[in-house]
Amino acid sequence: MFRKTGLLLMLSLIICCGLLFAEKSLERIANEIGVEGETLYNAGSYVEAAAKFEEAIAKLKEAVQTDGIPMDKDKINQWWLYAFNGYFQGGDYENAIKALDARLELNPGSWDLINYKAIILKSKLNRIPEAIEVLKAYNANKRSFKVEKKIAGYYVDMDDKEKALEWYEKAYELKNDSKVIKNIATLYVQLGNNAEAVKAYEDFLQTNPRESVLIQTYKNMGSLYEDMQQYNKSNTYFEKALEMKYDSAINLLLISNYYDIDKYDKALEKIDQRLRNSPGDADAIYFRAMIKYNRGNKVGAKSDFEKLFGSKYDKQAKGFVESIESEL
């Protein structure tokens, strides 16, 4: 009986030792390599960590082929994400693209991944044509306003105005967007076609945009006509914007514009408007003083100039006061 018990004990020890010294499974090795990758990443060794995650993925795929375990796509996707982060943080953008491509195989049609790839190609690798092709391929399956707008912007970065205009117009077909129409008009001006620039805005106005968009469009049209040196039309559209909502910058622009073309009554209207909104405003008082001075009202001008002592107009104001006092 004792002999039988001894044999059983010896057999148990042999089995335990066999299990202890048996080779690790490929899946277990893959997981251990993945842990090594995490340790390296946390230590700031980003590229080395990313390479470890790739090694773990390869080992896990080997386990699927050799040991017949089911493919854990979630784990592989996660490891590719970690590999991408490692390569990106480590500045290895070529391998970051490779990791993104691997993730796209697991997540076909993912806009976030496509967008990351385009951004890296453009901003990190300066391969804008490739970035555009990536976006075009995505857009070919289903047209998207934001993608077509992005493609147009990339062409702007390449200084390809004709292509940029083509893609902004494509985007505008999908959505009547005020920023896009501004870009379209700007490109037409840069291409020397002012008439089409004006037409683009006029067509946009026919879409009855909401009030905030309409105000911004009037401002944009004012700037457009100003660039075209058509100042009467420029002022007309700035006035339209100002009538709908007071804007300090537009108000001052109109004061200056009217002053420059000697339309003093119009300038004074805007000066009064500015002072109602900002009593004591130095810009308004300065232009009012200048108008009085130009019209020969030296006493009134002197009074206004004295109010500007200590302001940003201090030097000019003191100069005018000194000159006026010498004349009186």
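The values are calculated or read from the model by the stated rules, or taken from the named source; none is laboratory data. Since this is a predicted model, take the numbers as computed values, not measurements. Ideal geometry is used to build each Cβ from the backbone, glycine not excepted, and the neighbour counts take in all protein chains shown. Ligands, DNA and RNA are excluded from the accessible area calculation, which covers all protein heavy atoms including side chains. Shrake-Rupley method; radii C 1.70, N 1.55, O 1.52, S 1.80 Å.
Remarks
- Looking across D67, D74, one residue alone is touching a residue at least 24 places away in the same chain (Cβ under 8 Å), open to solvent by 70 Å² or more (accessible area, probe 1.4 Å) and of a type in the set (D, E). It is D67.
- Among the criteria (1) under 30 Å from I181 (Cα atoms); (2) open to solvent by less than 60 Å² (accessible area, probe 1.4 Å); (3) in a helix (DSSP H, G or I), the one A102 does not fulfil is (1).
- Elements of type helices (runs of 4 or more DSSP H) in segment 135-191, at least 2 residues being within 21 Å of L121 (Cβ to Cβ): 145-157, 161-174
- Only one of the numbered conditions (1) free of Cβ contacts under 8 Å to residues at least 12 places away in the same chain; (2) surrounded by 12 or more Cβ atoms within 10 Å (Cβ to Cβ) is violated by K315, and that is (2).
- A single entry from I132, I151 fulfils the requirement of being within 21 Å of K98 (Cα to Cα), free of Cβ contacts under 8 Å to residues at least 40 places away in the same chain and open to solvent by less than 30 Å² (accessible area, probe 1.4 Å): I132.
- Taking segment 19-38 as the range and being free of Cβ contacts under 8 Å to residues at least 24 places away in the same chain and either more than 29 Å from G91 (Cβ to Cβ) or open to solvent by 90 Å² or more (accessible area, probe 1.4 Å) (or both) as the test, the residues that pass are L19, L20, F21, A22, E23, K24, R28.
- Restricting segment 215-245 to residues that are touching a helix residue (DSSP H, G or I) at 6+ places or on another chain (Cβ under 6 Å) and aromatic (F, W, Y), the residue that is surrounded by the most Cβ atoms within 10 Å (Cβ to Cβ): F238
- Segment 212-254, subset assigned to a loop (DSSP other than H, G, I, E, B) and touching a Ser or Thr at 6+ places or on another chain (Cβ under 9 Å), residue modelled with the lowest pLDDT: M228
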